[in-house]
Amino acid sequence: MKKLALHWWILIAMVAGVGCGMLAANAGQSAFVLTWIRPVGTLFMNLLKMIAVPLVLFSLVAGVASLDDMRKMGRIGGKTIVLYIVTTSIAITIGLIVAAILKPGGDIGPELAESLRASFQQKTDATVSSAKGVSMLDQVVGIVPTNPFQALAQAQMLQVVFFALMLGIALTKLSQKRNTKPIVETFQLLSDAIIEMVMIIMWLAPIGVFALLATVIAELGEDPDKMKQLLGALLGYMLTVLLGLVIHGVVIYGLLLRFVAKVPIKKFLKAMVPAQLLAFSSSSSGATLPVTINCVEKGIGVDEEVSSFVLPLGATINMDGTGLYQGVAAVFIATVYGMDLTFAQQAEVVVTASLASIGTAAVPGVGTVMLTIVLGQIGVPLEGIGLILGVDRILDMCRTVINVSGDATVACCVARSEDLIHEGDRTVHDDVISD
Ligand code: ASP
């Protein structure tokens, strides 16, 4: 029989997962899915998370240390950071413009707003309290780990990135006096071994993705009437976020790929499908990172020298989708509270949401926690997030796809500018499953 590429299996599994979740919800059997199918999804996510922290450490140290000349390192690092900041600011601006045009929230009356807030009171309290005390300054100070091993153990990615970058730089400097080759090669080998683990784990992707989606849908559909009400009330808001994400993905990444990276869009999409499907199913760019690296290197042909540095950094600090969503959410919540954001406040949203998205951990739902910082900055009541929590998971899935695609686009641009992009040969989804 004809062999089917892995991404097709993942797609089929996604559809089957949605169907299974809907069936279970309609038959009042959500509990079955949550008890028996959810653990399978959790197992798959754990496998991906298991390799994410060591991968960031090994690949960043190897990536930085192999850029043996400090000038090259500065150049690649500079380009990467500038592109990340610029694309995130553009994303938030697009979010604000689309929100200004579509004005989501204008038709939500005080009664509906109150009932939305009331039904998510508990979740709102939990989110607001987990964000309590998180200030921008704390975020900056917190980047430096007092104990890197603790940072590794607790998967504090920003801190792990900081330590890995410093270790890489130190090894580069040391290489002028000592033979650092064996240790750099060891880090490189470990990073390659982890990528091999991705290949193995991806065989389970269809099963994992099926379970993840069945769980999400069963959870959402536990109270179908409430869900219908919620979707109706928040449709405008959701469409605004989705439209913003599509515009950013198509126009900004399209232009960057075409004119800066000079990578055919078709090739980019074909290579990135597994990572995008996984980002959608898992809502975690951190868990998707190993697959992103594989797709970008093997499918698009970006040299390891660039990808091993740009992608782990991007998964941690670059979140265009999250920033864009925070922009729209801020306008939406402000509108429901009857506040009109001034130009100065909107500019503040761009700056704070850019910084907040850097501090957002690459796991599900954290974008909403960081949204409280943006709301606090412009004086919008934090409890307002209760309005949007009900549909957050769906939007989280979509914004994570953009987060991951943004990292890959920047990797292509940086690689092209350094002439470090080759013809791709083999990618995760070319590994086929046949019967
Ligand atoms: N789930 C997003 C990510 O992992 C972060 C967020 O927006 O909550 O990229």
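Count, please, the residues in the stretch 314-340 that happen to be modelled with pLDDT of 90 or more and not in a helix (DSSP H, G or I).
2
Evaluate the stretch 246-265: report whether one residue or more is on the phi > 0 side of the Ramachandran plot, at pLDDT 90 or above and in a loop (DSSP other than H, G, I, E, B).
yes
Could you list all residues from the stretch 250-290 that are of a type in the set (Phe, Trp, Tyr) and under 29 Å from Leu158 (Cβ atoms)?
Residues satisfying the conditions are Tyr253, Phe268, Phe280.
How many of the residues in the stretch 172-186 are surrounded by fewer than 15 Cβ atoms within 10 Å (Cβ to Cβ) and either assigned to a helix (DSSP H, G or I) or touching a strand residue (DSSP E or B) at 6+ places or on another chain (Cβ under 9 Å) (or both)?
Result for the stretch 172-186: 6.
Taking the stretch 367-380 on its own, how many of its residues are outside any loop (DSSP other than H, G, I, E, B) and either open to solvent by less than 10 Å² (accessible area, probe 1.4 Å) or in contact (Cβ under 8 Å) with a residue 60 or more places away in the chain (or both)?
9
Looking only at the stretch 381-393, decide whether some residue is in a helix (DSSP H, G or I) and farther than 27 Å from Lys228 by Cβ.
Yes; the residues of the stretch 381-393 include at least one that is in a helix (DSSP H, G or I) and farther than 27 Å from Lys228 by Cβ.
Looking at the stretch 367-380, which of its residues are within 12 Å of the ligand (Cβ to nearest atom), of a type in the set (A, V, I, L, M, F, W, C) and closer than 24 Å to Gln229 by Cβ?
Matches in the stretch 367-380: Leu371 only.
Within the stretch 342-361, take every residue that is of a type in the set (A, V, I, L, M) and within 12 Å of the ligand (Cβ to nearest atom) and give me the one that is surrounded by the most Cβ atoms within 10 Å (Cβ to Cβ).
Only one residue tops the list, namely Ala353.
Looking at Arg416, Arg393, Arg399 in this structure, which one is open to solvent by less than 10 Å² (accessible area, probe 1.4 Å), at pLDDT 90 or above, closer than 30 Å to Ala5 by Cβ and of a type in the set (Lys, Arg)?
That would be Arg399, the only listed residue that is open to solvent by less than 10 Å² (accessible area, probe 1.4 Å), at pLDDT 90 or above, closer than 30 Å to Ala5 by Cβ and of a type in the set (Lys, Arg).
If Pro145 satisfies all but one of (1) under 30 Å from Thr372 (Cα atoms); (2) in contact with a Ser or Thr (Cβ under 7 Å, 6 or more places away or on another chain), what's the number of the condition it fails?
Only one criterion in (1) under 30 Å from Thr372 (Cα atoms); (2) in contact with a Ser or Thr (Cβ under 7 Å, 6 or more places away or on another chain) is unmet by Pro145, namely (2).
Which pairs do you get when a residue that is over 22 Å from Leu4 (Cα atoms), found in the stretch 271-298, comes within reach of a residue that is outside any helix (DSSP H, G or I) and within 11 Å of the ligand (Cβ to nearest atom), reach meaning Cβ atoms under 7 angstrom, with the pair 6+ apart or on two chains?
Listed by first residue and then by second, the contacts come to Ser283/Pro364; Ser284/Ala362; Ser284/Val363; Ser284/Pro364; Ser285/Ala362; Gly286/Ala362; Gly286/Val363.
Looking at Ala25, Ala16, which one is open to solvent by less than 80 Å² (accessible area, probe 1.4 Å) and modelled with pLDDT of 95 or more?
Answer to the check: Ala16.
Checking His7 against (1) buried (at least 18 other Cβ atoms within 10 Å of the Cβ); (2) closer than 27 Å to Ala362 by Cα; (3) at pLDDT 90 or above, which test does it fail?
The failed condition is (3).
Among the residues that make up the stretch 276-293, is at least one of them away from the ligand (no atom under 16 Å from the Cβ) and not hydrophobic (A, V, I, L, M, F, W, C)?
No, the stretch 276-293 contains no residue that is away from the ligand (no atom under 16 Å from the Cβ) and not hydrophobic (A, V, I, L, M, F, W, C).
Mind checking which residues of the stretch 242-275 are under 24 Å from Ile217 (Cβ atoms), away from the ligand (no atom under 16 Å from the Cβ) and among the aliphatic types (A, V, I, L, M)?
Leu243, Val246, Val273
So Pro364 fits all but one of (1) part of a helix (DSSP H, G or I); (2) surrounded by fewer than 24 Cβ atoms within 10 Å (Cβ to Cβ); (3) within 13 Å of the ligand (Cβ to nearest atom); what number is the exception?
Pro364 satisfies every listed condition except (1).
Can you confirm whether Phe149 is within 18 Å of Ser59 (Cβ to Cβ) and of a type in the set (Phe, Trp, Tyr)?
Spelling it out, it is not the case that Phe149 is within 18 Å of Ser59 (Cβ to Cβ) and of a type in the set (Phe, Trp, Tyr).
Would you mind stating whether Leu242 is under 19 Å from the mean Cα position of the chain (by Cα), in a helix (DSSP H, G or I), touching a residue at least 40 places away in the same chain (Cβ under 8 Å) and closer than 30 Å to Glu114 by Cα?
yes
The values are calculated or read from the model by the stated rules, or taken from the named source; none is laboratory data. Because the structure is a prediction, the values reported are computed rather than measured. In this analysis, Cβ positions are derived from the backbone assuming ideal geometry, glycine residues included, and neighbour counts consider all displayed protein chains. Accessible surface is based on the protein model in full, side chains and every heavy atom, while ligands, DNA and RNA are left aside. Shrake-Rupley method; radii C 1.70, N 1.55, O 1.52, S 1.80 Å.
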